[in-house]
Amino acid sequence: MAPLEAPVEKWTGKIRELKLGSGGRKTITVGGGTTLPFVKFEGAQPHRPAIAIEVQDKEPTDWSEFLVSAWGDALKNPGAWAKKAAEFGADLLYIRLASAHPEASNTGAAQAKKSASEVLSAVDLPVIFVGPDVAEKDNEVLVAVSDVAKGQRVGLGNCVEKNYKTIAATCMADGHVAIAKTPIEINLAKQLNILLSDVGLSPDSILMDPTTGALGYGLEYTYSVMERLRLAALMGDGMTSMPMICTAGEESWRQKESKATLDVPQAWGDNQERSLIWENVTAISLLAAGADILVLRHPKTVVTVKAALDKSF
Amino acid sequence: MALTGIEIYKYLPKTNCKKCNFPTCLAFAMKVAARVVDITACPDLSAQSKAALESAGRPPIRLVKFGGDTHKVEVGNETVMFRHEKTFYHPPAIMVRIKDTASKEDIAKLVDEVGGYQVERVGMKLTMDGFAVENASKDQARFLEAVETVLAKSGLAVALMSDNPATMDAAVAKAAARKPVVYAATKENWSGMADIAKKHSCPLVVRDSSGLENLVALSEKVAQAGIEDIILDPGVDSFKSSIDSLTEIRRLALKKNFRPLGFPVMTFPGVQAKTTEEEAALAAEQISKYSSVVVLEHFSPALAYPLLTLRLNIYTDPQKPIQMAAGIYEVGAPKPDSPLCITTNFSLTYFSVAGEIEASGVPSWLLICDTEGLSVLTAWAAGKFDAERIAKAVKQFNVADKISHKSIVLPGKVAVLRGELEEELSGWKVLVGPMEAMDVGGYFKKTWKP
Ligand code: SF4
């Protein structure tokens with residue numbers, strides 16, 4: 001029979017390429033796709049999605065026992081944790097400056113600089129730093145980190161509507177990438193990209209965080225917003241074409257399906273197996289929706305998702 | 001694709017004879033398009049027009065049904081590439097492979113486990129769909145025995161897997177009441193398999209993993225042999241080509257109305273997996289992207305629950321978000337002196353609030369008010385989340401009987417309701433909680449006092 005004609009769409013846009021890491025640090029580039037994720041018959045995805053591992057600057061008090069046993073004492077020290085994350089196969093690190101949260105230790109610029117330096121000297125991987133997600137506090141610690149990491153092109157976040165000006169300015173001054181986070185909504189995502197561009201930040205220095213809903217906790221909203229952002233970008237909208245980052249690990253491990261170990265319904269099955277699959281399924285589904293960077297927590301999930309990516313490319 | 005009234009009109013006799021009880025052929029056509037009346041109400045429609053209408057009106061991806069009275073499965077008939085464009089209609093069947101090389105006891109045990117599996121989520125009971133019983137032994141008697149065990153122990157759907165038409169015929173005869181899926185017609189055996197599927201009116205899987213062209217050729221052959229209910233197995237058992245092939249199939253079906261690929265797709269995500277996690281991963285991808293029958297190699301509740309949840313998420317109608325049933329929910333294991341919060345019944349609102357409460361480690365009571373699926377601010381603006389409704393919920397669900405204090409936490413975004421609510425709920429203290437769910441934990445620790 002006659003060969004099938006591949007049903008290609010004529011996309012006019014493409015996903016922007018975004019580079020993290022510079023100044024002696026390893027670099028990684030994500031994005032650049034000219035088609036939908038993993039659709040090979042019509043275009044290219046020149047850079048495979050990257051796996052970031054989450055590291056915190058203080059020992060987490062509320063993490064599942066399965067995470068705690070996987071990381072052991074490394075959780076007590078951001079440098080050691082970062083090193084171990086590198087050994088576990090992270091392409092880059094996602095450092096949460098959790099100690100700065102007013103409800104935690106309410107640390108400030110000095111501690112942020114110290115933690116950042118520890119991580120930066122412990123590993124040569126590209127790094128993203130995020131604050132405690134309290135806008136004023138984020139400004140304080142991220143500006144401090146920006147200075148320490150000057151010229152190393154790290155990611156700084158989360159940049160939200162309330163504090164985007166400060167973070168954009170510090171990114172421009174020190175050559176960093178802003179993580180623009182918006183609540184699961186396509187127009188808000190686009191609007192924040194426009195605001196950031198309007199103050200002079202290059203669109204090629206923006207990474208979008210569309211806000212992740214975990215499996216069973218709003219995943220479908222994130223999934224569809226990401227698909228719509230991808231489609232808008234491929235149709236030529238340059239303000240939705242930034243690569244996307246998803247905090248699949250953090251969101252999955254917050255849910256009771258991953259945390260509960262007592263009084264668990266029998267139908268939920270083995271606690272550890274289910275928790276791991278919960279993170280894994282969240283991650284894989286968001287990859288299919290267009291994630292360019294996945295932030296994960298459990299080393300085993302990193303292995304599974306990397307194996308999937310190895311086969312995909 | 002559903003035809004428009006004008007398209008239907010073209011096929012009608014155009015005599016306006018009124019025998020259909022409509023004044024004109026055009027009026028009739030419009031009603032047919034709106035599915036108010038069936039095309040057969042026009043007695044003068046030629047057989048030729050009828051056939052043409054039927055074929056033009058056929059959905060681009062056929063709806064395929066299998067399973068018996070105890071568990072019916074319908075897959076296919078999808079109309080869009082992306083769920084946000086409309087919705088995905090028919091969730092994939094999730095089945096478990098059973099090999100007839102396993103012992104009778106092991107088969108019985110697995111069937112009991114899968115068949116009895118049920119997990120509850122947002123008020124829905126999620127279950128597995130059935131079994132793919134494989135003639136791995138190549139021995140007919142053994143296969144029939146395995147099929148009998150499965151049929152006897154569970155009412156779920158079955159797919160029968162054998163390359164041997166004689167064996168298949170005998171097995172399908174046994175399972176006929178269950179309308180089993182016949183797996184599979186290949187380049188070598190398609191003619192015999194098509195005869196069996198036709199004889200028992202069962203769906204037939206066509207399998208060719210050597211490229212879509214060959215799959216198309218096979219699909220055309222069995223269609224010509226008179227099989228209407230086809231399921232496609234392109235052999236995508238790895239991440240390498242799954243999304244790529246399944247996207248190509250669905251696009252050709254939907255965008256090019258390409259009939260040979262206008263059928264649901266069946267996949268086996270665990271064939272190459274080295275671990276259950278790997279199997280879960282590919283299954284998750286295939287549930288997200290375009291598989292209609294997913295056959296697992298393993299079963300465990302810890303694998304089934306996330307996959308059934310993903311299926312529920314992806315196949316939720318984006319226009320009709322899942323609503324939580326109004327009522328009083330326990331987050332953690334609250335005691336009478338635990339905090340009481342209220343929010344709306346939009347599922348995402350519920351999940352973020354419940355998730356944050358969960359994460360805070362402070363067990364609480366969460367009262368869900370029926371706001372017709374709207375989020376806090378939208379519901380407030382639409383008058384569906386006001387003092388009156390909240391007070392009604394407090395009374396309706398006997399909240400006062402569960403707690404030892406009389407204070408309720410309002411979402412910060414509707415702080416304006418405080419005064420009014422205190423009037424509606426005399427003797428209660430109304431507290432104003434944080435603006436965002438994510439600050440609930442901090443609020444509990446620092447501010448909350450009953
Ligand atoms: S019965 Fe048929 S031909 Fe007569 S008016 Fe109705 S549609 Fe037209």
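The values are calculated or read from the model by the stated rules, or taken from the named source; none is laboratory data. What you are looking at is a predicted structure, and each value in this text was computed from that prediction instead of being measured. We place every Cβ from the backbone using ideal geometry, glycine too, and count neighbours over all the protein chains shown. The protein model used for the area step is the full one, side chains on, heavy atoms only, and it has no ligands, DNA or RNA in it. Shrake-Rupley method; radii C 1.70, N 1.55, O 1.52, S 1.80 Å.
Would you kindly give the portion of the calculated P(r) for the range B:64-314 that falls above 32 Å, as a percent of all Cα pairs?
Numbers: 4554 of 31375 pairs.
The proportion of pairs with Cα distances above 32 Å equals 15 percent.
Could you compute the FRET efficiency for residue A:105 and residue A:187, with r as their C-beta to C-beta distance and R0 at 41 Å, rounded to 0.05?
Working: r = 37 Å, r/R0 = 0.89.
For residue A:105 and residue A:187, the calculated efficiency is 0.65.
Taking a cut-off of 19 Å, what percent of all Cα-Cα pairs in the range B:140-222 are separated by more than that?
Working: 1213 of 3403 pairs.
In whole percent, the share of Cα-Cα pairs in the range B:140-222 beyond 19 Å is 36.
Within the range A:117-157, what whole-number % of the accessible surface is contributed by carbon and sulfur, with the 1.4 Å probe and all protein chains included in the calculation? Don't skip to the answer; put the middle values down first.
On the way: 570 of 1160 Å².
Solvent-exposed carbon and sulfur of the range A:117-157 make up 49 percent of the total.
How much area per residue is accessible in chain B when the probe is 1.4 Å and only protein heavy atoms are counted (Å²)?
Values: 18680 Å² over 450 residues.
That works out to 42 Å² per residue.
How fast does the range A:1-125 diffuse by Stokes-Einstein, in µm²/s, taking the Kirkwood radius from C-alpha pairs at 25 °C and 0.890 mPa s? Spell out each step's value before the answer.
Working: Rh = 17.3 Å.
Estimated via Stokes-Einstein, D reaches 142 µm²/s.
Could you tell me the largest-minus-smallest coordinate of the C-alpha atoms of the range A:71-138 on each of the three principal axes, in descending order and whole angstroms?
33, 23, 18
Just to be sure I understand: if I project the alpha-carbon convex hull of the range B:5-56 onto a plane and average over all orientations, what area do I get in nm²?
Details: hull surface 11.9 nm².
The number I arrive at for the range B:5-56 is 3.0 nm².
What is the distance, in nm, between label points placed 7 Å from the Cα along the Cα-to-Cβ direction at residue A:235 and at residue B:54?
3.8 nm
May I ask you to list, by number, the DSSP H helices of chain A whose Cα span along the axis is at least 24 Å and whose average Kyte-Doolittle hydropathy reaches -0.5 or more? Please report the intermediate quantities before stating the final value.
Values: long enough: A:271-289 (27 Å, 0.25).
Result, helices passing both filters: A:271-289.
Inside 10 Å of the C-beta atoms of A:280-293, what's the mean count of C-beta atoms belonging to other chains? Each step should come with its number before you reach the end.
Working: counts 7, 15, 5, 2, 11, 9, 2, 6, 10, 4, 0, 0, 0, 0.
Other-chain Cβ atoms within 10 Å of each residue's Cβ, averaged: 5.
More than 21 Å apart: what percent of Cα pairs in the range B:78-145 qualify?
On the way: 1061 of 2278 pairs.
Of the Cα pairs, 47 percent sit more than 21 Å apart.
Looking at this model, which pairs from B:199/B:221; A:19/A:162; A:26/A:306; A:114/A:162; A:137/B:446 are more than 22 angstrom apart at the alpha-carbon? Walk me through the numbers on the way to the answer.
Values: B:199/B:221 17 Å; A:19/A:162 26 Å; A:26/A:306 19 Å; A:114/A:162 26 Å; A:137/B:446 18 Å.
From the list (B:199/B:221; A:19/A:162; A:26/A:306; A:114/A:162; A:137/B:446), the Cα-Cα distance tops 22 Å for A:19/A:162; A:114/A:162.
Cβ neighbours within 10 Å, averaged per peptide: list A:185-196, A:263-274 in order, most packed at the top. Let's see the in-between values first.
Details: A:185-196: 18.5, A:263-274: 15.9.
The densest-packed peptide leads the list: A:185-196, A:263-274.
Per the Debye formula with a single identical scatterer at each Cα and no solvent contribution, what log10 I(q)/I(0) holds for the range B:376-418 at q = 0.22 Å⁻¹?
Debye output, listed in q order: -0.78.
Taking beta carbons within 10 Å but only from partner chains, what does the mean come to for residues A:267-274? Mind showing how you got there, number by number?
On the way: counts 13, 6, 10, 4, 1, 1, 9, 7.
Mean partner shielding for this stretch: 6.
Measure nothing fancy, just the Cα-based angle from helix B:212-224's long axis to the longest principal axis of chain B, in degrees from 0 to 90, nearest 10.
With rounding to tens, the tilt is 70 degrees.
Against the 2.2 N^0.38 Å scaling, with N counting residues, where does the range B:327-446 land? I'd like the Cα-based Rg ratio to two decimal places.
0.94
What is the percent carbon and sulfur in the accessible area of the range B:150-245, measuring with a 1.4 Å probe over the protein chains and ignoring ligands? Walk me through the numbers on the way to the answer.
Working: 1560 of 3420 Å².
Using a 1.4 Å probe with all protein chains present, the range B:150-245 comes out at 46 percent carbon and sulfur.
Using only Cα atoms, find the angle between the long axis of helix B:347-360 and the longest principal axis of chain B, and express it within 0 to 90 degrees, rounded to the nearest 10.
Rounded to the nearest ten degrees, it is 60.
Can you pull out the buried accessible area for chains B and A, both sides counted, probe 1.4 Å, rounded to the nearest 100 Å²? Display every interim value, and only then the final one.
Numbers: alone 21170 and 13040 Å², together 29190 Å².
Protein heavy atoms only, the B-A interface buries about 5000 Å².
Once you've got the Cα coordinates, tell me which of A:40/A:181; A:113/A:181; A:190/A:259 are over 25 Å apart.
Values: A:40/A:181 29 Å; A:113/A:181 23 Å; A:190/A:259 34 Å.
Cα-Cα > 25 Å for A:40/A:181; A:190/A:259; rest within.
Please sort A:56-67, B:72-83 by packing, taking for each peptide the average over its residues of neighbouring beta carbons within 10 angstrom, highest first. Could the numbers behind the result be given before it?
Working: A:56-67: 17.3, B:72-83: 18.9.
In decreasing order of mean packing, A:56-67, B:72-83 become B:72-83, A:56-67.
Based on DSSP H runs of at least 4 residues, each adding -39500 (n - 2.57), what is the mean residue ellipticity at 222 nm of chain B after dividing by all its residues, to the nearest 500 deg cm²/dmol? Working shown, then result.
Values: 16 runs with 170 residues, N = 450.
Result for chain B, helices only: -11500 deg cm²/dmol.
Can you tell me the 0 to 90 degree angle between the C-alpha axis of helix B:387-396 and the longest principal axis of chain B, rounded to 10?
80 degrees
Using 20 Å as the Cα-Cα cut-off, could you pick out the over-long pairs in A:84/B:240; B:86/B:255; A:14/B:320; B:335/B:413?
Details: A:84/B:240 29 Å; B:86/B:255 15 Å; A:14/B:320 32 Å; B:335/B:413 27 Å.
Table pairs above 20 Å Cα-Cα are A:84/B:240; A:14/B:320; B:335/B:413.
Please give the per residue volume of the convex hull enclosing the alpha carbon atoms of chain A, rounded to a whole number of Å³. Please report the intermediate quantities before stating the final value.
On the way: hull volume 41.6 nm³, N = 313.
Convex hull of Cα atoms, per residue: 133 Å³.
Taking Cα pairs under 8 Å and at least six residues apart, what relative contact order does chain A come out at, in percent? Mind showing how you got there, number by number?
On the way: 659 pairs, mean separation 61.9, N = 313.
Here the relative contact order equals 20 percent.
Which of rounded, prolate or oblate describes chain B when judged by the alpha-carbon gyration tensor and an a/c cut-off of 1.5?
Values: a/c = 2.64, a/b = 1.50, b/c = 1.76.
Oblate is the answer for chain B, as a/c is 1.5 or above yet b/c matches or exceeds a/b.
Relative to the compact globular guide of 2.2 N^0.38 Å, what is the alpha carbon radius of gyration of the protein assembly as shown, as a ratio?
On the way: Rg = 28.3 Å, N = 763, 2.2 N^0.38 = 27.4 Å.
For the protein assembly as shown, the normalised Cα radius of gyration comes out at 1.03.
Antiparallel DSSP bridges in the protein assembly as shown: what percent, to the nearest 5? Provide the component values of the computation, followed by the final result.
On the way: 19 of 83 bridges.
Rounded to the nearest five, the antiparallel share is 25 percent.
Return the average number of partner chain Cβ atoms within 10 angstrom of each residue Cβ along peptide B:238-248.
Details: counts 3, 10, 6, 5, 4, 8, 8, 3, 2, 9, 8.
Per residue, the average neighbour count from other chains is 6.
What is the packing order of peptides A:109-120, B:103-114, taking the mean over residues of other C-beta atoms within 10 Å and listing the highest first? Can you show the working numbers first?
On the way: A:109-120: 19.9, B:103-114: 15.9.
Descending mean neighbour count gives A:109-120, B:103-114.
Suppose each label sits 7 Å from its Cα in the direction of the beta carbon; what would the residue A:194-residue B:104 distance come out to in nanometres?
7.2 nm
With a 10 Å cut-off between alpha carbons and a GNM built on chain B, which of B:384, B:395, B:19 moves the most?
Comparing B:384, B:395, B:19 in a Gaussian network model of chain B, the most mobile one is B:19.
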